[in-house]
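Take a look at the structure below.
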Amino acid sequence: MIELYTDAATRGNPGESAIGIFYKGDGHKGMLAKKIGVCSNHIAEFIALREGIKEVVALKPDVLSIRVDSKIVFQAVDTMYVKRPEFKVLLKEIESLLNEVPLYFIKWIPDKENAAAHRLATEELRKG
């Protein structure tokens, strides 16, 4: 099983945004932080999850445990449904990526349990 933690940080809403991704398990451990341009915090959270799943799908996990601190992202992926049109394309991409994983589940966690991904996103955003 691989545990995937994702988070996003924005300066303004919308504003300059960055994502942080941390994963561990099945003998793997990795992290990624990158700027993603100007967007809303919610869009950035969806992008963080999409990019995180892209990272771990390549590792061919049997089970993927996703941990997010965004309730909107959690509810969207848990139900595979969103009302807002701007989230639909991203959710569809996430769903397509998750179809490559035999078993996955998503859990909402409080910010304090998402420290690694949060730190990656905020530090990347602070860079010049």
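Quick look at the values:
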{"item": "Residue within the stretch 47-56 that is among the β-branched types (Val, Ile, Thr) and either surrounded by fewer than 16 Cβ atoms within 10 Å (Cβ to Cβ) or outside any helix (DSSP H, G or I) (or both) present", "result": "no"}
{"item": "Among the residues listed as Ile66, Ile19, the single one being under 16 Å from Glu123 (Cα atoms), assigned to a strand (DSSP E or B) and in contact with a Lys or Arg (Cβ under 8 Å, 6 or more places away or on another chain)", "result": "Ile19"}
{"item": "Whichever residue in the stretch 63-81 is among the β-branched types (Val, Ile, Thr) and closer than 24 Å to Gly25 by Cα and, among such residues, is surrounded by the fewest Cβ atoms within 10 Å (Cβ to Cβ)", "result": "Val63"}
{"item": "Some residue of the stretch 72-91 being under 22 Å from Ala18 (Cα atoms) and among the hydroxyl-bearing types (Ser, Thr, Tyr)", "result": "no"}
{"item": "Qualifying residue in the stretch 74-81 (condition: over 13 Å from the mean Cα position of the chain (by Cα), over 15 Å from Lys107 (Cβ atoms) and either modelled with pLDDT of 95 or more or not in a loop (DSSP other than H, G, I, E, B) (or both))", "result": "yes"}
{"item": "Test: Ser70 is under 13 Å from the mean Cα position of the chain (by Cα), among the polar types (S, T, N, Q) and farther than 12 Å from Ile2 by Cβ", "result": "yes"}
{"item": "Tabulated pairs, the stretch 42-66, first more than 25 Å from Arg84 (Cα to Cα), second among the hydroxyl-bearing types (Ser, Thr, Tyr) and buried (at least 24 other Cβ atoms within 10 Å of the Cβ), C-beta under 7 angstrom, 6+ apart or interchain", "result": "Glu55/Tyr23; Val56/Tyr23"}
{"item": "Among residues of the stretch 1-16, those that are within 15 Å of Ile106 (Cα to Cα) and either of a type in the set (Asp, Glu) or in a strand (DSSP E or B) (or both), counted", "result": "6"}
{"item": "Yes/no for Ala116 being in a helix (DSSP H, G or I) and farther than 15 Å from Ala44 by Cα", "result": "yes"}
{"item": "Number of the exception - Val38 against (1) among the hydrophobic types (A, V, I, L, M, F, W, C); (2) assigned to a strand (DSSP E or B); (3) in contact (Cβ under 8 Å) with a residue 60 or more places away in the chain", "result": "(3)"}
{"item": "Complete set of residues in the stretch 83-112 that are more than 14 Å from the chain's Cα centre (by Cα), part of a helix (DSSP H, G or I) and either within 21 Å of Pro61 (Cβ to Cβ) or hydrophobic (A, V, I, L, M, F, W, C) (or both)", "result": "Val89, Ser96"}
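The values are calculated or read from the model by the stated rules, or taken from the named source; none is laboratory data. Keep in mind it's a predicted model, so treat the numbers as computed, not measured. Cβ sites come from the backbone with ideal geometry, for glycine too, and all protein chains shown count toward neighbours.
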